[in-house]
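Below is one structure; the comments refer to it alone.
The values are calculated or read from the model by the stated rules, or taken from the named source; none is laboratory data. Bear in mind that the values here come from a model prediction, so they are computed numbers and not experimental data. Glycine also receives a Cβ, built like all others from the backbone with ideal geometry; neighbour counts cover every protein chain displayed. SASA here: full protein model, heavy atoms, side chains in, ligands and nucleic acids out. Shrake-Rupley method; radii C 1.70, N 1.55, O 1.52, S 1.80 Å.
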Amino acid sequence: MAFRKAVKGTALIGGGAIATVFGLSQFSQYRNKHGALVQVQAAEVVPVKNHLPTREQQILALQTTSEFDVIVIGGGATGCGCALDAATRGLKTALLERYDFSSGTSSRSTKLIHGGVRYLQKAIMKLDFEQYRMVKEALEERAHLLQSAPHLSAPLPIMLPIYKWWQLPYYWVGIKLYDLVAGSQCLKSSYVLTKSRALELFPMLRKDKLVGAIVYYDGQHNDARMNLAIALTAARYGAATANYAEVRRLLKTTDPASGKPRVCGVRCRDVLTGKEFDVRAKCVINATGPFTDSVRKMDDEEVPNICQPSAGVHIVMPGYYSPDNMGLLDPATSDGRVIFFLPWEKMTIAGTTDSPTDVTSHPIPTEEDINFILSEVRNYLGADVEVRRGDVLAAWSGIRPLVTDPNSKDTQSISRNHVVTISDSGLVTIAGGKWTTYRAMARDTIDAAIQEHNLKAGSSKTMGLQLEGAQDWSPTLYIRLVQDYGLESEVAQHLASTYGDKAFEVAKIAQVTGKRWPIVGKRLVSEFPYIEAEVVYGVKEYARTAVDMISRRTRLAFLNVQAAEEALPRIVDIMGKELNWSEQKKKEELETAKKFLYYEMGYKVKTDQLTDSSEISLVPSDIERYKKRFHMFDKDKKGFITILDVQRVLESISVQIAENTLHEILNEVDLNKNGQVELNEFLQLMSAIQKGHVSGSRLAVLMKSAEENLRRRAAIPVDRSGGGV
């Protein structure tokens, strides 16, 4: 009790000093006044379209509109935010994205909506007012995001475990200041936990030397779906919104007053048809994230770079690695980074790394980064929790578009403050920033565009504006889906939290299962609540490739690459019917999606754990045991097993598995891809499983289960049967 009082005394002194320096009271007054104003403004804006235009209609609008007020290049969070901000101000707006909405950095985040605890720490330690302002703005925007799309976001408690007594008052003061800066926008007040209470809430924690813990609150969201919701909302407000619309070059005209060249539009290419056309506008905005400098160089080849890209890798592990509703923060990793360990979509997400990188459309996670994250996770989990490499179900790398600070020595010291620049020819560029502040970034960008190009529009109306699906959503909406349509409860909850009030549109097109329960809703894969109707609906949401569907309309690729691969054939079939794909097109889509999973979502580094050169490190007794298991299938002593051998054993124990599924199971272990699993390959698999490099091998589980089943069915010895005749 005395210690806690001392901690609180320290916090009051430190908090008072910081509050005085940064003028928190002025911020609170500004926020209350400004918030009340923009809530009224948002209420005055009414969407002009009840139904989403088709992509074909959007492309036609781009081709036939004589001149837009604003063209936004880039369909990430910031670009879509700019389009929404412009459209709600009454500006004639076009949004062009080279790939799919949120196909880049915006879908590869830590899934947090946060102010940035570490940025506040830097602001205090270095008395950096700019860092402080960024945190303050981010906390205000955090509240906005949670309110504008409550179906896609929610507060999340995050635990900061303490292993040294002196750290308790230090971190407690910092976290309390985080609450203080948030003011009335604080989600929930942070609090201190005793060791026993911390272990009760997070039983996986390492107990050794644990002193206690501090819990604070930030927001969490489904980033790709949030990005898509912003794009769809912009479309409903009249923006001509098109994915797979690539900007080839900027169009320019000579200003009659100054005689200087001015940007007046773009040359656009419909990636799906190959057709090119011009789109003209009074203002062009560059909101391309990591590709900021490439668009700026379309305007001026000599312009210096302003972005310094940084790669952040995340991994996904099974849900049992973390509690259902409690995250974990490692504030100081072995190399000074910050690692989050969070529950997400009933899985566990861990990350991130932070290292300089080259700009690419297809970033690839490395084994080095994956192992770094696993190593840090091991430091915080108990000895009874074996952190296995084989439990990494998916991994990805995202490129942060950080603004270069000439005085920085590495990307970790670079702030995520955003900057709006305007070139001599009038190209408006928004760079830097972070996911949470996308709306404020968009507001500042459109403000600058209006001033530079003399556009006729009022102030921003997006604060308090609800996004696609939020209007009639409620936490109990899923119950109506269960009652009215006969959906599984898990599926209904998933649809409600993904589509909001649009979940009913998905439920209406869900197929009848033919079962007593659920009545409708055929799953794409058994362990995830995604249903086939979402593929049909995803096409209406502008999905045009199988990759769009597995990574951004559903999140299968981010949750489990093997499950995503399993769902692909059915997804391609459904999309093929909706989009009239030929058999050749369907084959191409399948191969492209598999390549995406293999390289960009960690399937390659996962499969690299078991190769034809993998070392067999088994003790002799284990080798003999596994040989016996193998020979139960290889009755003819061929030295390998085929699908026929597996089918024969399964038939003997009355188990049936579809032939195509058996092909997939054997192919996972068939390292030299010759259609059979050899003894050496099987031993390599078992060795990799023992070392934790591989987990969830269907062949290993199947063979062990069959062996146990055969043993139980063995003939009872005569001496136990009571004799005989």
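Taken over segment 506-528, the criterion of being in a helix (DSSP H, G or I) and open to solvent by 80 Å² or more (accessible area, probe 1.4 Å) is satisfied by K508 alone.
Residues of segment 244-283 that are of a type in the set (D, E, K, R), closer than 23 Å to D548 by Cα and in contact with an Asp or Glu (Cβ under 6 Å, 6 or more places away or on another chain): R269 alone.
Which ones in segment 457-487 are open to solvent by 30 Å² or more (accessible area, probe 1.4 Å) and over 26 Å from the mean Cα position of the chain (by Cα)? Within segment 457-487, A457, G458, S459, K461, I479, R480, V482, Q483, D484, Y485 meet the criteria. For segment 487-494, does any single residue satisfy the condition of being at pLDDT 95 or above, part of a helix (DSSP H, G or I), of a type in the set (A, V, I, L, M) and farther than 30 Å from K282 by Cβ? Yes - at least one qualifying residue is present in segment 487-494. Only one of the listed residues (E681, E651) is of a type in the set (D, E) and within 27 Å of V561 (Cα to Cα). That residue is E681. In this entry, S102 is excluded by the filter for residues that are under 30 Å from M326 (Cβ atoms) and either in contact with a Cys (Cβ under 7 Å, 6 or more places away or on another chain) or part of a helix (DSSP H, G or I) (or both). Total residues in segment 651-673 satisfying the condition of being in contact with a helix residue (DSSP H, G or I) (Cβ under 7 Å, 6 or more places away or on another chain), under 23 Å from L710 (Cβ atoms) and among the aliphatic types (A, V, I, L, M): the figure is 6. Against the test of being more than 23 Å from R225 (Cα to Cα) and outside the structural domain of Y163 (by the TED database), the options S322, S355, S334, S294 yield a single qualifying residue, S294. Restricted to segment 281-323, and to residues there that are open to solvent by 50 Å² or more (accessible area, probe 1.4 Å) and part of a strand (DSSP E or B), the residue that is modelled with the lowest pLDDT is Q308.
The numbered conditions (1) under 30 Å from L559 (Cα atoms); (2) touching a residue at least 24 places away in the same chain (Cβ under 8 Å); (3) part of a helix (DSSP H, G or I) are all true for D218 except (3).
Inspect all residues belonging to segment 172-182 and state whether any of them is in a strand (DSSP E or B), β-branched (V, I, T), under 31 Å from the mean Cα position of the chain (by Cα) and closer than 27 Å to V387 by Cβ. Within segment 172-182 (the criterion being in a strand (DSSP E or B), β-branched (V, I, T), under 31 Å from the mean Cα position of the chain (by Cα) and closer than 27 Å to V387 by Cβ), the answer is no, since none of the residues qualifies. The condition (being open to solvent by 20 Å² or more (accessible area, probe 1.4 Å) and over 30 Å from S497 (Cβ atoms)) is satisfied by just one residue among K628, K577, K594: K628. In summary, L671 fulfils each of the numbered conditions (1) among the hydrophobic types (A, V, I, L, M, F, W, C); (2) within 22 Å of T642 (Cβ to Cβ); (3) at pLDDT below 75; (4) exposed (fewer than 15 other Cβ atoms within 10 Å of the Cβ) with the single exception of condition (4). Within segment 191-233, can you find the residues that are open to solvent by 10 Å² or more (accessible area, probe 1.4 Å) and of a type in the set (G, A, S)? Of everything in segment 191-233, just one residue is open to solvent by 10 Å² or more (accessible area, probe 1.4 Å) and of a type in the set (G, A, S), namely S196.
Quick check: anything in segment 679-700 among the hydroxyl-bearing types (S, T, Y), surrounded by fewer than 15 Cβ atoms within 10 Å (Cβ to Cβ) and not assigned by the TED database to the domain that holds L374? Among the residues of segment 679-700, not one is among the hydroxyl-bearing types (S, T, Y), surrounded by fewer than 15 Cβ atoms within 10 Å (Cβ to Cβ) and not assigned by the TED database to the domain that holds L374, which makes the answer no.
Taking first residues from segment 631-654 that are more than 14 Å from V677 (Cβ to Cβ) and partners that are open to solvent by 20 Å² or more (accessible area, probe 1.4 Å), the Cβ contacts under 6 Å between residues at least 6 apart in sequence or on separate chains come to I653/N709. If we scan segment 705-720, do we find a residue that is acidic (D, E), open to solvent by 20 Å² or more (accessible area, probe 1.4 Å), modelled with pLDDT of 80 or more and part of a loop (DSSP other than H, G, I, E, B)? Among the residues of segment 705-720, not one is acidic (D, E), open to solvent by 20 Å² or more (accessible area, probe 1.4 Å), modelled with pLDDT of 80 or more and part of a loop (DSSP other than H, G, I, E, B), which makes the answer no.
In the set L120, L139, L91, only one residue is open to solvent by less than 20 Å² (accessible area, probe 1.4 Å) and either part of a loop (DSSP other than H, G, I, E, B) or closer than 30 Å to M601 by Cβ (or both); that residue is L91. Of all residues in segment 98-110, at least one satisfies being in contact (Cβ under 8 Å) with a residue 12 or more places away in the chain, within 18 Å of N417 (Cβ to Cβ) and either open to solvent by 30 Å² or more (accessible area, probe 1.4 Å) or in contact with a Lys or Arg (Cβ under 7 Å, 6 or more places away or on another chain) (or both). Determine whether Y537 is outside any helix (DSSP H, G or I) and surrounded by 15 or more Cβ atoms within 10 Å (Cβ to Cβ). No. Could you please let me know if G265 is more than 31 Å from the chain's Cα centre (by Cα), under 20 Å from C82 (Cα atoms) and outside any helix (DSSP H, G or I)? It is true that G265 is more than 31 Å from the chain's Cα centre (by Cα), under 20 Å from C82 (Cα atoms) and outside any helix (DSSP H, G or I). When restricted to residues that are open to solvent by less than 40 Å² (accessible area, probe 1.4 Å) and over 23 Å from the mean Cα position of the chain (by Cα), segment 142-170 contains 6.
Inside segment 227-243, residues that are closer than 22 Å to S551 by Cβ and touching a strand residue (DSSP E or B) at 6+ places or on another chain (Cβ under 7 Å) make up a count of 5.
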